[in-house]
Amino acid sequence: SKLPEHGILIIEGDLSPSHPLISKKMSHLLSTCQEKNVRIVGISKTTTAGTDTGMSATQALHHVYPHGTWAYPLDSKDGMHRAFAKLHPSSRHAFLISSPTPLNDPLLSYLAWASTDPSFTGYPYGLIVAAQLARVSTTEQETWRLMLTTKAMARDPTLLHALSGSDAHDILDKMQY
């Protein structure tokens, strides 16, 4: 309801999620964007797409297009338009971009304009900030882990034995010499 009309919404990840709960929310978001004339774009940092030679898709495209910025469109399926794109000439990364509407030059130019921050050149700055705000610190992870383990063991003392089968690496990693 707070989505402004006639804007661009950039989110991290593909717009066709595989989990049913996320798919339901994504469908609602896509229809809301359509109603408010908001352009929505998903940018995936990682992909498992490969070529028939065994090379990753982004590695192959970097080999073919070693310089500049570029976008390589993919076949549209499931109602989404997708392309691999390198958004800054000095970036080492290409990303999978998805949108329910065609990925045209003005949109790709805007994404390139937003991808000039030296902390992660080639990745839109707004997604860099979002990732930093969403990140859970190691200290916070440990606090939650301790709290949940304590509560779980109070209910079932045998849980400690179950955990001991998977925490040996964690113990060694925390040792200081």
Legend entry - Neighbours by Cβ (under 6 Å, 6+ apart or cross-chain): first from the stretch 5-21, closer than 18 Å to residue 85 by Cα and of a type in the set (Asp, Glu); second outside any loop (DSSP other than H, G, I, E, B) and open to solvent by less than 40 Å² (accessible area, probe 1.4 Å): 12/127; 14/42; 14/44; 14/98
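Does residue 126 qualify as being surrounded by 13 or more Cβ atoms within 10 Å (Cβ to Cβ) and assigned to a helix (DSSP H, G or I)?
Yes.
For every residue, the table says whether it meets (1) assigned to a loop (DSSP other than H, G, I, E, B); (2) at pLDDT below 85; (3) within 22 Å of residue 126 (Cα to Cα); (4) of a type outside the set (D, E, K, R).
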residue	(1), (2), (3), (4)
10	no, no, yes, yes
32	no, no, yes, yes
42	no, no, yes, yes
58	no, yes, no, yes
85	no, no, yes, yes
96	no, no, yes, yes
103	yes, no, yes, yes
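Assess whether residue 3 counts as being modelled with pLDDT under 90 and surrounded by 15 or more Cβ atoms within 10 Å (Cβ to Cβ). Outline the logic, then answer.
Details: modelled with pLDDT under 90: yes; surrounded by 15 or more Cβ atoms within 10 Å (Cβ to Cβ): no.
When the stated conditions are applied, residue 3 does not pass them.
Just to be sure before I move on: is residue 115 assigned to a helix (DSSP H, G or I), over 24 Å from residue 27 (Cβ atoms) and under 20 Å from the mean Cα position of the chain (by Cα) in the structure I sent?
Values: assigned to a helix (DSSP H, G or I): no; over 24 Å from residue 27 (Cβ atoms): yes; under 20 Å from the mean Cα position of the chain (by Cα): yes.
Criteria not met by residue 115.
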Legend entry - Filtered residues of the stretch 105-122 (kept if closer than 17 Å to residue 40 by Cβ and either in contact (Cβ under 8 Å) with a residue 12 or more places away in the chain or surrounded by 15 or more Cβ atoms within 10 Å (Cβ to Cβ) (or both)): 107, 108, 110, 111, 114
Inset, instruction - Filter the stretch 77-104 down to the residues that are over 15 Å from residue 12 (Cα atoms) and of a type in the set (Gly, Ala, Ser), then identify the one that is least open to solvent (accessible area, probe 1.4 Å). - result: 91
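Could you tell me whether any residue of the stretch 61-78 is touching a residue at least 60 places away in the same chain (Cβ under 8 Å) and within 21 Å of residue 107 (Cβ to Cβ)? Before the answer, list the steps.
Narrowing the stretch 61-78 to residues touching a residue at least 60 places away in the same chain (Cβ under 8 Å): 78.
Filter once more, so that each one left must be within 21 Å of residue 107 (Cβ to Cβ): 78.
Yes: one or more hits.
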Legend entry - Members of the stretch 9-33 found to be under 17 Å from the mean Cα position of the chain (by Cα), exposed (fewer than 15 other Cβ atoms within 10 Å of the Cβ) and among the β-branched types (Val, Ile, Thr), listed by number: 22
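The values are calculated or read from the model by the stated rules, or taken from the named source; none is laboratory data. A quick note: this is a predicted structure, and the numbers were derived from the prediction, not measured. A quick note on method: Cβ atoms are made from the backbone with ideal geometry, for glycine too, and the neighbour counts reach across all protein chains shown. Note: accessible area is taken over every heavy atom of the protein model, side chains too, but ligands, DNA and RNA are not part of it. Shrake-Rupley method; radii C 1.70, N 1.55, O 1.52, S 1.80 Å.
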